[in-house]
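Data first, discussion second: the structure below is written as structure tokens.
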Amino acid sequence: MKAVVLCGRGKVEYREVEKPQIGERDLLIEVKACGICGSDLHFFYGGMEPIGEVPLVMGHEFAGIIVEKGKEVEDYWQIGDRVVSDNTGGACGRCASCARGNFVACEQRQTMGITMDGGFTKYVKIPGSLLEMYKNCLWKIPENLSFEEATLMDPAANGYNAVVQQGNLKSGEIVVVFGVGALGLMSIAQASIAGASKIIAVGMKADRKRREKIARKYGADEFFASDEEENIVEKVKEAAREDGVALVVDAAGVPALTSAAIQIVRSEGSIVRIGMSNKTYEDSLDGFSLKNIRFSGHMGYNQESWRNTLALAKAEKLNLKPIITCILPLEEYQQGFDMTKNQEASKVVLVP
Ligand SMILES: [Zn+2]
Ligand SMILES: [Zn+2]
């Protein structure tokens, strides 16, 4: 089977790999769709060393059909089931996070498509050792969702975690979202569903081409480009007026925006940082103490984020279609990555 394979820092090949063999406890998924994630870009273009042992098949936002099932796999899973993976490929089962059932936060977590083989190919094996311990590493896809839409569950559950679980948004409050990539857009969508009275999106000039429109579709009331404004802090504060900003979701991650977030958020507000940057933060952090601000780091989601986000999509409160810019055959992965990097696309989904 053909696969998009990470072979080293910035080295990616489209080549033949062996179809995985399953044992009596495993499942085999035939991949029907796999999304390109912002985090894939770091590995694809060489911004980051590979985390897992290479070569490995990339792609961690995949959905497909169960096509083979080991004899010992429980009856809940049947051949023909449409499923989406939360991309957990392994967890220790013993650490503090695993003990709480939060396998995604396990320090020894294996991530399909990042530390082990993932979904930019035709077949993926779900190991029985994981499936027996962590039953929600796979979810059945509601009938009203296509495979392409189901691949959006990863960023959508991420947004749910950021806004509702970590951000504690109350309906009627004002939310600012930095960054309008997939995580930013899904945070906007979740804030809108959760009842924000106003959503202010902050992107860049390049986002005006396409992403601004999608942000507005998902509920953004205002859009500012940080590289167009002389003073983005004042601009956002002006838009929030006297109510103030209760929550800033930072899906961009650059230090300048962390500093802006501290200035923007109201007293006793929250900042949830999703985005990443290896640049050093140099401003004062006193604003945290002076304004009683809660600051949370954010990585991924947990089972509750997935369960509730799937329920929203099933009930058609969350529409996962507008965020998909295009669906490309797997072999056109290069174009998909370029479009994502150039901010032309909010989400590209590859189909093997
Ligand atoms: Zn992702
Ligand atoms: Zn663990």
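Laboratory data are not the source of any read-out in this text; all were calculated from the coordinates shown. Note that the structure is a prediction, hence the values are computed from the model and not measured. With ideal geometry, Cβ positions are generated from the backbone for all residues, glycine too; neighbour counts draw on all protein chains shown.
Using only Cα atoms, tell me the angle between helix 182-193 and the longest principal axis of the chain; keep it within 0 to 90° and round to the nearest 10.
The helix 182-193 is inclined about 70 degrees to the chain.
Using the alpha-carbon atoms, what tilt in degrees (0 to 90, nearest 10) does helix 303-314 show relative to the longest principal axis of the chain?
So the helix axis and the longest Cα principal axis differ by about 90 degrees.
If you fit an axis through the alpha-carbon atoms of helix 255-264 and take the longest principal axis of the Cα set of the chain, what angle between them do you get, 0 to 90°, nearest 10?
Long axis of 255-264 versus the principal axis of the chain: about 50 degrees.
Please report, in debye to the nearest 20, how large the charge dipole of the range 159-297 is about its Cα centre when each Lys and Arg carries +1 at its beta carbon and each Asp and Glu carries -1 there.
In debye, rounded to 20, the range 159-297 gives about 580.
Search the structure for amide H atoms under 5 Å from the amide H of Ala33, placed 1.01 Å from N in the peptide plane, and list their residues when 5 or more places away or on another chain.
Under 5 Å from the amide H of Ala33 lie the amide H atoms of Ala63, each far enough along the sequence or on another chain.
Report the net charge of residues surrounding Ile65, where surrounding means a beta-carbon distance below 9 angstrom and charges are Lys +1, Arg +1, Asp -1, Glu -1.
0
Can you work out ³J(HN,Hα) from phi for every residue in the range 40-45, in order, using Karplus 6.51 cos²θ - 1.76 cosθ + 1.60 and θ = phi - 60°, giving whole Hz and x for Gly and Pro?
Each residue of the range 40-45 in turn: 5, 4, 4, 7, 5, 9 Hz.
If you plug each phi of the range 92-108 into the Karplus form 6.51 cos²θ - 1.76 cosθ + 1.60 with θ = phi - 60°, what whole-Hz ³J(HN,Hα) values come out, in order, with x for Gly and Pro?
6, x, 10, 5, 4, 5, 4, 4, 8, x, 9, 5, 5, 8, 4, 5, 9
How large is ³J(HN,Hα) for each residue in the range 139-153, as worked out from phi by the Karplus curve 6.51 cos²θ - 1.76 cosθ + 1.60 (θ = phi - 60°), to whole Hz, x for Gly and Pro?
10, 6, 8, x, 4, 7, 9, 7, 4, 4, 5, 4, 5, 7, 4
Compute the signed sum of charges (Lys and Arg +1, Asp and Glu -1) over the other residues within less than 15 Å, Cβ to Cβ, of Gly35.
-3
Compute the Rg to Rh ratio over the chain from the alpha carbon atoms, using the Kirkwood formula for Rh, and round to two decimal places.
Answer for the chain: 0.97.
Sequence-distant or interchain residues sharing an amide H contact under 5 Å with Ala91, placed H: which?
For Ala91, the qualifying residues are Gln110.
Report, in whole Å, the centroid distance computed from the Cα atoms of the range 74-111 and the range 181-245.
After rounding, the separation between the Cα centres reads 34 Å.
Can you compute the charge dipole magnitude of the chain about its Cα centre, using +1 on each Lys and Arg Cβ and -1 on each Asp and Glu Cβ, nothing else charged? Give it in debye, rounded to the nearest 20.
380
Amide H neighbours of Met116 under 5 Å, counting only residues 5+ apart in sequence or on other chains, H built in-plane at 1.01 Å?
Counting only residues 5 or more places away or on other chains, the set is Thr111.
Just want the answer: with Cβ charges of +1 for Lys and Arg and -1 for Asp and Glu, which residue in Met116, Ser129, Pro255 is farthest toward the dipole's positive end in the chain?
Checking the options against the dipole of the chain, the answer is Ser129.
Any idea which of Leu41, Asn278, Val176 is furthest toward the positive side of the dipole for the chain, if Lys and Arg beta-carbons carry +1 and Asp and Glu beta-carbons -1?
Val176
What does the charge dipole of the range 76-215 about its Cα centre add up to, to the nearest 20 debye, if the Cβ of each Lys and Arg holds +1 and the Cβ of each Asp and Glu holds -1?
Taking the Cα centre of the range 76-215 as origin, the dipole is about 340 debye.
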